[in-house]
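Q: Please see the structure below; I have some questions.
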């Protein structure tokens with residue numbers, strides 16, 4: 001498989017990393033001319049990158065097509081995690097008996113890689129692996145519409161999970177939950193998969209009460 005990346009992909013990945021890591025703060029304007037000069041590209045790939053970030057919910061457009069890092073209200077954050085708590089357990093239960101040996105191998109590889117994110121942990125890498133782990137399960141449910149929704153809401157919540165993990169260093173606990181999810185999938189037990197995924201997302205919902213989120 002080719003590893004070639006377009007200019008738009010390079011700009012998108014760099015900006016996405018900086019938004020998730022908080023280098024680009026909530027409400028910060030993303031000026032196309034400045035980004036183009038920084039990456040030594042024309043404004044066309046910059047516009048393409050911003051459109052991808054817009055689709056991912058990480059950027060919003062203001063009047064006169066001004067792009068800013070998206071801000072979220074407390075109720076919007078709560079809605080994101082509420083929707084996840086409804087969709088993910090059901091998707092996991094649907095997928096459980098459909099997971100292939102290759103799916104389980106991919107999940108195990110992601111799980112093991114999450115254990116090796118370094119000290120101090122590389123939380124951007126951790127969350128990429130976390131997404132791969134969860135989406136391997138949900139794609140096996142066999143519902144493209146459900147997959148699209150889950151990808152969207154996982155991406156929407158990534159910024160907040162990054163902030164919490166960076167502040168609290170609680171990824172080890174999340175890893176224990178991931179291992180439990182994997183084991184339930186390996187046993188092909190949809191009831192346990194559904195319960196464990198619900199508990200896993202509820203733990204994330206509980207983070208909304210932490211002081212880390214009061215400024216969001």
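The values are calculated or read from the model by the stated rules, or taken from the named source; none is laboratory data. Quick caveat: nothing in here was measured; it's all calculated off a predicted structure. Virtual Cβ from ideal backbone geometry, glycine too; neighbours counted across all protein chains shown.
Q: Which of the residues that make up segment 97-114 are assigned to a helix (DSSP H, G or I) and either in contact with a strand residue (DSSP E or B) (Cβ under 9 Å, 6 or more places away or on another chain) or exposed (fewer than 13 other Cβ atoms within 10 Å of the Cβ) (or both)?
A: 97, 101, 102, 105, 112
Q: Take residue 50 and decide whether it is touching a strand residue (DSSP E or B) at 6+ places or on another chain (Cβ under 9 Å) and modelled with pLDDT of 95 or more.
A: yes
Q: Any chance you could count how many residues in segment 11-30 are over 18 Å from the mean Cα position of the chain (by Cα) and either in the same structural domain as residue 127 (by TED's automatic domain parsing) or surrounded by fewer than 13 Cβ atoms within 10 Å (Cβ to Cβ) (or both)?
A: Qualifying residue count, segment 11-30: 2.
Q: Would you check which residues across segment 120-129 are in contact (Cβ under 8 Å) with a residue 12 or more places away in the chain and not in a helix (DSSP H, G or I) and list them?
A: Of everything in segment 120-129, just one residue is in contact (Cβ under 8 Å) with a residue 12 or more places away in the chain and not in a helix (DSSP H, G or I), namely 121.
Q: Kindly establish whether residue 83 is closer than 30 Å to residue 176 by Cβ, in contact (Cβ under 8 Å) with a residue 24 or more places away in the chain, touching a strand residue (DSSP E or B) at 6+ places or on another chain (Cβ under 9 Å) and surrounded by 17 or more Cβ atoms within 10 Å (Cβ to Cβ).
A: Answer is no for this residue.
Q: Could you tell me whether residue 46 is in a loop (DSSP other than H, G, I, E, B), surrounded by 12 or more Cβ atoms within 10 Å (Cβ to Cβ) and outside the structural domain of residue 154 (by TED's automatic domain parsing)?
A: no
Q: Being out of contact with any strand residue (DSSP E or B) (no Cβ under 9 Å at 6 or more places or on another chain), under 22 Å from residue 123 (Cβ atoms) and not assigned by TED's automatic domain parsing to the domain that holds residue 127, is that true of even one residue in segment 56-71?
A: Within segment 56-71, one or more residues are out of contact with any strand residue (DSSP E or B) (no Cβ under 9 Å at 6 or more places or on another chain), under 22 Å from residue 123 (Cβ atoms) and not assigned by TED's automatic domain parsing to the domain that holds residue 127.
Q: List the residue pairs whose Cβ atoms are under 9 Å apart, where the first residue sits in segment 99-112 and is closer than 19 Å to residue 128 by Cα and in the same structural domain as residue 136 (by TED's automatic domain parsing), the second is in a loop (DSSP other than H, G, I, E, B) and modelled with pLDDT of 95 or more, and the two are 6 or more positions apart or on different chains.
A: As it stands, the answer is 103/140; 107/99, since those pairs meet every condition given.
Q: Given (1) more than 23 Å from residue 190 (Cα to Cα); (2) assigned to a helix (DSSP H, G or I); (3) assigned by TED's automatic domain parsing to the domain that holds residue 174; (4) touching a helix residue (DSSP H, G or I) at 6+ places or on another chain (Cβ under 8 Å), identify the lone condition not met by residue 117.
A: (2)
Q: While we're looking at this one, here's another question. In a helix (DSSP H, G or I), in the same structural domain as residue 135 (by TED's automatic domain parsing), in contact with a helix residue (DSSP H, G or I) (Cβ under 8 Å, 6 or more places away or on another chain) and surrounded by fewer than 17 Cβ atoms within 10 Å (Cβ to Cβ): does that describe residue 94?
A: no
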